[in-house]
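For reference, the structure is listed below as structure tokens.
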Amino acid sequence: MKISKELDRQTFKDKSQTQEDCHRFLAELKWSSGYSCNRCNPEKYIKGKQPFSKRCSKCGFDESTSSGTLSHKLKFGIDKAFEMLYEITISKKGANSIWLAEHFNVNQTKAWGFRQKVQLAMQSSDQFPLERDVHVDEFEIGTPQKREQGRSKVKKR
């Protein structure tokens, strides 16, 4: 699955329908520049126990596609995690954990924990500030005036 700037919901669902699709995507992304064991660094491997995982030929360390990613040690399916990730990233205000839990039929605490992982990962975008022209829908200058509440009372430009 190629990461696109504008990935519509149906295209996303088509490309991440099964857990196998999700593991394939993670494997392609994770080892796109080649495999190297996290423990002893050799580049030779054999097929691991999990789908698309790799086992080091030297030390026998079995590395799954999800290790070191947002989907590491999930308590629900990776396909649900991909869908939750999509919802969190496309919604303007972020999806709250109660809605995620109800919509994806998972425990609310687990949904909250996954959402926290995603938000923490998204904070890393601070290292990559926006460049060139940035188009802004609306913004506010100054503070709201006394006795005037709501967005419609603030001077917009």
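Each listed q (0.14, 0.15, 0.21, 0.27 Å⁻¹) maps to a log10 I(q)/I(0) for the stretch 70-124, found by the Debye formula over equal Cα scatterers with no solvent: -0.29, -0.34, -0.68, -1.17. By the count of neighbouring beta-carbon atoms within 10 Å, fewest first, LYS30, LYS80 end up ordered LYS30, LYS80. Taking other C-beta atoms within 10 Å as the exposure proxy, PHE76, PHE82 rank PHE76, PHE82 from fewest upward. If R0 equals 30 Å, the separation of the Cβ atoms of THR18 and GLN123 corresponds to a calculated FRET efficiency of about 0.50. Amide hydrogen proximity for TYR45: with H placed 1.01 Å from N in the peptide plane, the residues at 5 or more positions away or on another chain lying under 5 Å are SER57.
Read-outs: derived from the displayed coordinates by stated rules, not from any lab. Quick caveat: nothing in here was measured; it's all calculated off a predicted structure. All Cβ positions, glycine included, derive from the backbone under ideal geometry; neighbour counts span all protein chains shown.
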